[in-house]
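Q: Below is one structure. I have some questions about it.
The values are calculated or read from the model by the stated rules, or taken from the named source; none is laboratory data. Predicted model, so just to flag it, every value in this text is computed and none were measured. In this analysis, Cβ positions are derived from the backbone assuming ideal geometry, glycine residues included, and neighbour counts consider all displayed protein chains. Note: accessible area is taken over every heavy atom of the protein model, side chains too, but ligands, DNA and RNA are not part of it. Shrake-Rupley method; radii C 1.70, N 1.55, O 1.52, S 1.80 Å.
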Amino acid sequence: MNIPFLDLGAAYRELQTEIDSAVGRLLASGWYIGGPEVDAFEDEFAAYCGATHAVGVANGLDALQLALRAMDVGPGDEVIVPSNTYIATWLAVSQCGATPVPVEPDARTFNIDPALIEAAITPRTKVILPVHLYGQPADMAPILAIARKHGLRVLEDGAQAHGARYKGQRLGAHGDAVAWSFYPGKNLGAMGDGGAVTTNDPQIADRIRVLRNYGSRVKYVNEVQGYNSRLDPLQAAILCVKLAHLDEWNARRSAIAARYQQGLAGCGLTLPYVPDWAEPVWHLYVVQHPQRDPLHKALADAGVGTLIHYPIAPHLQQAYGYSGWEQGAFPLAERMADQVLSLPMGPHLETEQVTMVIEAAKKAAVTA
């Protein structure tokens, strides 16, 4: 049996009737930019997240960048970011002309360590940007307390955490805004690119609506130099269908993670740690092993698809070569890049597939 890391087609097969109906409705409507499908999804997603506003945009990177611009981030400003994250978090800051200031993660959760944030604040700091990595919430209470103390904004990167809860409250409005991605592989994934920002701040929501549409709220009247970054109504229609199933799919992911936690205990892998205040949605199930690459190969040879999220820490990417960071600058992020491995995870992984992954991983961990 070959087990793919993620079977994207399975979601469509499960919901084919509903998705085909939604797509057909959209195609017949003749409304292919904006319109009622986008409005409906924004309303439903805002309500799901417990936020007052949701503003659909073209993708997750744009969600981050437009939210930062709505917070007046620009050249000369600094934004505190995790040293351990996908590079999009950093790119959004750089694309505003600002400087990403990395802070190391908590070694147990992989998320930004709140205890290290205050030391990174300077007079130029404008925003703290935590990432809810792998689907597990960052520790928001101390982050928000630090932000309030220093008069800073908080933008959350929720791209991997649709439906996750922090201290019982679903992510979506803890900070000033949350940026979301609907990339197909996400827990709530479109069939193409898509993104959104949720917020309780009407000014942030209004500014993003203007920025996403060429800087215009009235046709041919351009208030600012904006962008073309609108959520496609076809994707909005599909997302509405999937949103109704998100909690069920997240519950399936949690059940798989529980089996992994039990079945892989004591086999030599470092398993995910979940604080008692966190309810993750297991976008990824990430283990650590000092011989990650041999483990990766052994699992591939056994027919188990795995991925490495992410093999190069952002500060060591060529894109940030000008910053002068060298090997050893952020040792925790570098260690994670060298040791992490994501096992198959998704709501359509079958029981026997989970069993095979566990047995193969146990064997590979011993021999790697």
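Q: State the antiparallel share, in %, of DSSP beta bridges confined to the chain, rounding to the nearest 5.
A: If we restrict to bridges inside the chain, about 60 percent are antiparallel.
Q: What is the Rg over Rh value, at two decimals, for the chain, using alpha-carbon atoms and the Kirkwood definition of Rh?
A: Taking Rg over the Kirkwood Rh, I get 0.97.
Q: Continuing with this model, one more query. In whole angstrom, how long is each semi-axis of the equivalent ellipsoid of the stretch 215-304, when you take the square root of 5 times every eigenvalue of its Cα gyration tensor and sort them from largest down?
A: Semi-axes, largest first: 42, 19, 15 Å.
Q: Quote the FRET efficiency, to the nearest 0.05, computed for Met1 versus Lys167 with a Förster distance R0 of 51 Å and r equal to the Cβ-Cβ distance.
A: 0.80
Q: Now for a different question. Pop out the ³J(HN,Hα) list for the stretch 187-195 in order, Karplus 6.51 cos²θ - 1.76 cosθ + 1.60 with θ = phi - 60°, rounded to Hz; leave Gly and Pro as x.
A: Karplus-based 3J(HN,Hα) across the stretch 187-195 equals 4, 10, x, 7, 10, x, 7, x, x Hz.
Q: Apply 1/(1 + (r/R0)^6) to the Cβ-Cβ distance of Gln262 and Ala141, taking R0 = 22 Å, and write down the FRET efficiency to the nearest 0.05.
A: Calculated transfer efficiency: 0.15.
Q: Can you list the residues, at least 5 places off or on another chain, whose amide H is less than 5 Å from the amide H of Tyr285, using H built in the peptide plane?
A: Placed amide hydrogens put Leu343 under 5 Å from Tyr285.
Q: Given 10 Å bins starting at zero, what is the percent of C-alpha pairs of the stretch 102-240 in each, up to the one with the largest pair distance?
A: In whole percents, the pair-distance histogram is 11, 35, 34, 17, 2, 0.
Q: Please enumerate, by chain and number, the lysines with C-alpha under 23 Å from the C-alpha of Lys149, excluding those fewer than 8 residues away in the same chain.
A: Lys149 reaches Lys126, Lys167.
Q: Something else about it: Report the Stokes-Einstein translational diffusion coefficient (µm² s⁻¹, integer) for the stretch 166-259, Rh taken as the Kirkwood radius over Cα pairs, at 4 °C with viscosity 1.567 mPa s.
A: 85
Q: Net charge within 10 Å of Ala92 by Cβ-Cβ distance, Lys/Arg positive one each and Asp/Glu negative one each, not counting Ala92 itself?
A: Neighbour charge sum, excluding Ala92 itself: -1.
Q: Over the chain, with the other protein chains present, what is the accessible area per residue in square angstrom, probe 1.4 angstrom?
A: Value for the chain: 42 Å² per residue.
Q: Using a Förster distance of 30 Å, how high is the FRET efficiency between Glu118 and Thr270, based on the Cβ-Cβ distance and rounded to 0.05?
A: My answer for the efficiency is 0.60.
Q: In sequence order, what are the phi-derived ³J(HN,Hα) couplings for the stretch 104-121 according to the Karplus relation 6.51 cos²θ - 1.76 cosθ + 1.60 with θ = phi - 60°, rounded to whole Hz, with x for glycine and proline?
A: 5, x, 5, 5, 8, 9, 6, 8, 3, 8, x, 5, 9, 5, 4, 5, 8, 6
Q: Taking 7 Å along the Cα-to-C-beta vector as the label spot, tell me the Arg13-Ala300 distance in nanometres, rounded to one decimal.
A: About 2.5 nm, to one decimal.
Q: Over the C-alpha atoms of the stretch 242-366, what are the Rg and the largest Cα-to-Cα span, Dmax, in Å?
A: Final numbers for Rg and Dmax: 16.2, 48 Å.
Q: Right, here's the next one. Need the full-extension length gain, Ile308 to Trp31, defined as separation in residues times 0.36 nm minus the C-alpha distance. One decimal, nm.
A: The span from Ile308 to Trp31 would gain 95.7 nm if fully extended.
Q: Right, here's the next one. Please compute the Kirkwood hydrodynamic radius over the stretch 18-94, one decimal place, Å, based on all pairs of different Cα atoms.
A: Computed over the stretch 18-94, the radius equals 15.1 Å.
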